Amino acid sequence: MLQLSQIKTVLERITIDGKLPRDMCHEYYEASKEIKEDIAKVFGDEYPDYLNVNRPREKKDQKTYRSKIYRNTFKGFRDKQIGRLDYIPESDDFSVVWPQGKQAKKLMEFDKGNFNEKLNFQDWFFDFVKTEFVDDPNSVLVFVPETIPASDSEPYLPKAELIPCENVLQFRKGKYCVLRSMKEVMVKNMETSKMENNGLLLYFFDHESFTVVKETSRASRDRALKSTFEIWGLSREYAVDSTELLIFQPFMHHCKGMPARKIGMKRLKQNGKGEELFASTVTNALEHIKDAQARYSDIQVEFNYHVNSQEYRVATRVCQHEECNKGKVPVRNKQHEIIGHDTCPNCQGTGFDIGGSALDFILYSMPKKEGFTDNASGSVPPVPGGFIPRPIESVRELVAEYKRKTEEAYADVHMQFHNRTPLVESGKSKEVDREEFYKDSIVLAKHLCTMFQWGYNTQASYLYGLMGYDEQQLPAVMTPSRFMLSGLEDTRMELNEALQNKYDSIVTGIVQARYLEYQTGKESKEYKRYKTRMELDPYREMQTTEKVFQFGLASQVAVIGSESHKALVKQFIFSLQFNSLLDEAELLYPDFYNRSLQDRRLILMQLNEKYTADIPSSMGIPITLDTPVDIKNAEQV
């Protein structure tokens, strides 16, 4: 049970921006923030500071240049990692099964109206929680009511909220936590007497009770030490001697555990107090990505050096400025006295004439005649300047290293096939890569679906309170184990293999349905038509000639004219003209494919009845079989 002393200790030391002194926060508070910030830097648009550490000898202007041309080529890595989680609710075998009952109906209605921007808890969960699962694994999913019920007979109406790790002030798994909400409340500024929308909202939980604390007034801009707070469950009473007594009775959440839990899966550290530190699913890949980003930055610079190589010009003679001395000219005062030296404006401090002109071409000055001969001294170079070439090998090495680090980053999360060109990879390699991705996806799906189920259980605990709830009335979250990991081309190859090797019709049908889904989509009439045939055609795996042959054998298994014989005939006719029955049903019932499977079957059977209502009692189908082998045709044998 929460104690008032626990809450008072926090409120006395919390700052105006909702922070506690380091010694009051949980042990892994700073480490949690570092994990989140590291992920944000690696996948952000800004030039990351860790790249400066790799080049300590670079000059400031060189670092500035690198930061300006920086482009993050790994933003798609994070998107793909989050996108893989989209496979979970889209999987064929994922579902939320709602029982039939009053409690289940009440929870379903609450679930639909409790998430403003989303249809229900499922949409909210797989939108917000899955993203933070990658970006901030130490954030906390919490369920807490926004208002106190007017009476004991009214239930709590909990709201789901994600608390980022920097707002998780104290957290002991299943025991106790202090959370600062991202929401802010109206607070009165005592200095200006105005209401401001930046008040603190705090949640306190333990294994059986909870309370909500709202800041109501603020007397200082530096710290919230002088603020006043409204605490749910705190009341004042007076004794006989007029002594004021503070009575604190926290509210019971009736959950089997604390209705707040960290969303991470990979636990890095844990101490004896129940405090935990989680890593993201991309944490192991971050070091490889940082190395790859450093190499890519080097590649950008090297390419620039190759495109804009260092220019040189041949120095043909010393500077002709009358006062130039090795690039320096004297500076004189009004009395023409030398008071210092400055850079020569003619040679720009080089000490030599610089070839060039305002006409955008170089003027080359020939050497002067020297000595007693008629020939100019020195040899004339073939060109007056040029560019210093840089070796291409360095670029090749950098590109190879960048590719290697990128490959290692994708391999750490079993997503190698997302980084490769399909045409240059063997079918076996693709199969192995996808198998690892498949296994990893099942583990992630199990973790998220378990948390998703916990969310439903927690909401039910709040809603039904002391009465409790029937566990049979809870929705059941079915964790998927099949994921559509292959693309259109891979599915086509699988279908060809299934047909050529004559796989079981059920296996072939599944692959055919997936291929049709890629081509037309699940909502297309063609896809729904195929699924209906696979579900209702009793002889769907047979060709038309095979059906006719089986039709003829009906008289061998039932007496002609008997009810069982007529039933067999109707069944074969139903299968033979199944496509025409579908055509007729589509015309008569525009919403045919939106109806239940039972209704669709009833409609088709009724349409088939008008073709099979008058089966004669003596009906028999003559069977004529051609000779299977022509013994006169030697080439046929």
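Tell me which residues, restricted to the stretch 59-104, are among the basic types (K, R) and under 13 Å from the mean Cα position of the chain (by Cα). Selection gives K75, R78, K80, R84. For the condition open to solvent by 70 Å² or more (accessible area, probe 1.4 Å) and either among the charged types (D, E, K, R) or in a helix (DSSP H, G or I) (or both), what is the one hit in K547, K522, K528? Exactly one residue qualifies, and that residue is K522.
Has the stretch 461-471 got any residue that is under 30 Å from E109 (Cβ atoms), among the hydrophobic types (A, V, I, L, M, F, W, C), part of a helix (DSSP H, G or I) and open to solvent by less than 80 Å² (accessible area, probe 1.4 Å)? The answer is yes, given that some residue of the stretch 461-471 is under 30 Å from E109 (Cβ atoms), among the hydrophobic types (A, V, I, L, M, F, W, C), part of a helix (DSSP H, G or I) and open to solvent by less than 80 Å² (accessible area, probe 1.4 Å).
Yes or no, residue by residue, for (1) open to solvent by less than 70 Å² (accessible area, probe 1.4 Å); (2) of a type in the set (K, R); (3) assigned to a helix (DSSP H, G or I); (4) on the phi > 0 side of the Ramachandran plot:
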site	(1), (2), (3), (4)
S5	no, no, yes, no
L11	yes, no, yes, no
D17	no, no, no, no
H26	yes, no, no, no
E34	no, no, yes, no
N52	yes, no, yes, no
K63	yes, yes, yes, no
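Within the stretch 488-519, the set of residues being outside any helix (DSSP H, G or I) and among the aromatic types (F, W, Y) comprises just one member, Y503. For the stretch 437-457, the candidate set comprises residues that are among the hydroxyl-bearing types (S, T, Y) and either in contact with a His (Cβ under 8 Å, 6 or more places away or on another chain) or within 15 Å of V413 (Cα to Cα) (or both); within that set, the residue that is least open to solvent (accessible area, probe 1.4 Å) is S441. Look at S575 and say whether it is at pLDDT below 85 and either of a type in the set (F, W, Y) or out of contact with any Ser or Thr (no Cβ under 7 Å at 6 or more places or on another chain) (or both). No: the conditions fail for S575.
Please note which strands (runs of 3 or more DSSP E) are completely contained in the stretch 149-264 and include at least 2 residues that are closer than 21 Å to A460 by Cβ and at pLDDT 85 or above. Show your work before the answer.
Values: elements: 158-163, 168-172, 176-180, 185-189, 194-199, 201-206, 209-218, 228-231, 234-238, 244-248, 260-262.
Because the criterion is at least 2 residues that are closer than 21 Å to A460 by Cβ and at pLDDT 85 or above, the strands (runs of 3 or more DSSP E) in the stretch 149-264 that meet it are 158-163, 201-206, 209-218, 260-262.
For beta carbons closer than 8 Å, sequence separation of 6+ or different chains, a first residue in the stretch 458-469 that is at pLDDT below 90 and a second that is assigned to a helix (DSSP H, G or I) and not acidic (D, E), the qualifying pairs are L463/K106; L463/L107; L463/F110; Y464/Q103; Y469/Q103; Y469/A460; Y469/S461; Y469/L463.
So which of V168, V212, V140, V144 is of a type in the set (V, I, T) and over 23 Å from F229 (Cα atoms)? Walk me through it before giving the result.
Working: V168 fails: over 23 Å from F229 (Cα atoms); V212 fails: over 23 Å from F229 (Cα atoms); V144 fails: over 23 Å from F229 (Cα atoms).
So the residue among V168, V212, V140, V144 that is of a type in the set (V, I, T) and over 23 Å from F229 (Cα atoms) is V140.
The values are calculated or read from the model by the stated rules, or taken from the named source; none is laboratory data. All figures in this text were calculated on a predicted structure; none of them were measured in a lab. Note: ideal-geometry Cβ built from the backbone for every residue, glycine included; neighbour counts use all protein chains shown. What goes into the accessible areas is simple: the full protein's heavy atoms, side chains included, and nothing from ligands, DNA or RNA. Shrake-Rupley method; radii C 1.70, N 1.55, O 1.52, S 1.80 Å.
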